[in-house]
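Below is one structure, written out as structure tokens; the observations come after it.
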Amino acid sequence: MLSLLASFASVMTTVGYVLLALLVLLVMITIHEAGHYTMGKIFGFKINEFAIGFGKAIFKRTLKSGEVFSIRIIPLGGYCAFAGEDEDDNDPNAFNNKAPWKRLIVQFGGVLFNFLSAIIFAFILLVAFGYDIPRVSNINQDFQDASVLHTNDVIREIDNKGINFVTGDTANNLLNNFYVNMTEEEKADYETVSIDGKEYKKYNNLALTVERDGELLDIMVNFYVHTTEQIDGSTTDTIYVGFSTTPYKHNFVEGLARCVPLAAGFAWQVLVFLWMLITGGVGIADIGGPFTTISTIAEFSQANIANLFVFLPFIAANLAIFNILPIPALDGSRMVFTTIEWIRGKPVNRKVEGYIHMVGMLVLFALVIFVDIYHLFI
């Protein structure tokens, strides 16, 4: 009986995290559509409906302006329906009757709001949880001299290089690069020590810049390498520093200063991934549709709730970059058609544009369904 109750509790916990992940994705999409809606209201566009979700409406409310606000049964999307966006409409405030530059701003509104939300979420992440800057949480005195490195030291630089996720200079990368870039002469200058039954090459040449009580200090700490021989006769070097770290929580001012670069860094990582996808650097197993995204968010959130706050700015930046791409049916493609109309002085045939967006939408739906099904069988 107790085993059954424990299993039921585990299932319900998992369901709870899946619902949380679904809510996160829905919030992100709602923020995107709110960007279109807000810009449309600013420029006087006629809006028929603002919907959260797809499918049959489970809640509807008609505002005094005539706009319909609805919540729909399938929580995997949403839309802001403008009058005259996909059909002819004689109303001067209909979408296609507005000046092209105004339409471009409205079309860009979703991307803008996604990126602004990425900045806000990045600020929350940095201040509430920290991210890439490490703070010393524990020192193993068998490895390190506690009189040199102190608990709560904030590590700002390793080997005179600043720690920064945006540039790819994470603490782990800098530590590995430090050892890889040592000369053969430097690698030969070590002391052999035995700690807990293991032999290490001990170096005392790792330069750290730490912040202690508001002051920056340059210190030299020990650096250890344990060599393991593999079955095939090759060797593997494992690096030890002898201290543990936790993410440093930024203060308010630091968070403000870093939230924009961090959000931009997440956006850049999305662009790098897309380029690798085009060039074959990553495969279909590395991408996923909405169900894969929900599953991933739920899994990481269940492991540690702080992981959810890492995903928030990343997903927001992801949506911003993805929607600005000139792919039919996405905002980027619609902006291309609007720009062409602005330059030519007349639109591309509306029916032709409509067919292009419809085909693009079908292809996108087919792709996300395919990759989600693919992930079920790998």
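Would you please list the contacts, defined by Cβ atoms under 6 Å and residues six or more apart or on different chains, that run from a residue in segment 32-59 that is over 15 Å from residue 77 (Cα atoms) to a residue that is of a type in the set (D, E, K, R)?
Within 6 Å, the pairs are 43/102; 46/91; 47/67.
Which condition number does residue 353 fail, the rest of (1) crowded, with 17+ Cβ neighbours inside 10 Å; (2) under 26 Å from residue 115 (Cα atoms); (3) of a type outside the set (Gly, Ala, Ser) being met?
(2)
Residue-by-condition table, conditions (1) touching a strand residue (DSSP E or B) at 6+ places or on another chain (Cβ under 8 Å); (2) touching a residue at least 40 places away in the same chain (Cβ under 8 Å); (3) not assigned by TED's automatic domain parsing to the domain that holds residue 320:
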position	(1), (2), (3)
117	no, yes, no
143	yes, yes, yes
147	no, no, yes
155	yes, yes, yes
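Go through the residues of segment 140-159 one by one and say whether even a single one is surrounded by fewer than 18 Cβ atoms within 10 Å (Cβ to Cβ) and within 30 Å of residue 331 (Cβ to Cβ).
no
Of all residues in segment 189-200, which are surrounded by 15 or more Cβ atoms within 10 Å (Cβ to Cβ) and either at pLDDT below 90 or in a loop (DSSP other than H, G, I, E, B) (or both)?
Hits for segment 189-200 are 190, 195.
Tell me which of these residue 11 doesn't satisfy, since it passes every other one: (1) modelled with pLDDT under 85; (2) in a helix (DSSP H, G or I); (3) surrounded by 11 or more Cβ atoms within 10 Å (Cβ to Cβ).
It fails just one condition, (3).
Report every pair of residues separated by at least 6 positions or lying on different chains whose Cβ atoms are under 8 Å apart, first residue within segment 77-92 and among the hydroxyl-bearing types (Ser, Thr, Tyr), second outside any strand (DSSP E or B) and modelled with pLDDT of 80 or more.
Close Cβ pairs satisfying both conditions: 79/33.
For segment 139-184, enumerate the residues that are within 30 Å of residue 119 (Cβ to Cβ) and either among the basic types (Lys, Arg) or part of a loop (DSSP other than H, G, I, E, B) (or both).
Listed by number, the residues that qualify are 152, 153, 156, 160, 161, 163, 168, 170.
Give the residue, chosen from 78, 40, that is closer than 21 Å to residue 315 by Cβ, of a type in the set (Gly, Ala, Ser) and surrounded by 15 or more Cβ atoms within 10 Å (Cβ to Cβ).
The unique qualifying residue is 78.
Is it the case that some residue within segment 49-59 is on the phi > 0 side of the Ramachandran plot and either crowded, with 19+ Cβ neighbours inside 10 Å or touching a strand residue (DSSP E or B) at 6+ places or on another chain (Cβ under 6 Å) (or both)?
yes
Does segment 30-39 contain at least one residue that is at pLDDT below 90, within 26 Å of the chain's Cα centre (by Cα), closer than 18 Å to residue 117 by Cα and not in a strand (DSSP E or B)?
Checking segment 30-39: not a single residue is at pLDDT below 90, within 26 Å of the chain's Cα centre (by Cα), closer than 18 Å to residue 117 by Cα and not in a strand (DSSP E or B).
The values are calculated or read from the model by the stated rules, or taken from the named source; none is laboratory data. What you see is a predicted model, and the numbers here were worked out from it, not measured in a lab. Because the Cβ atoms are built from the backbone with ideal geometry, glycine has one as well, and the counts that use them run over all protein chains shown.
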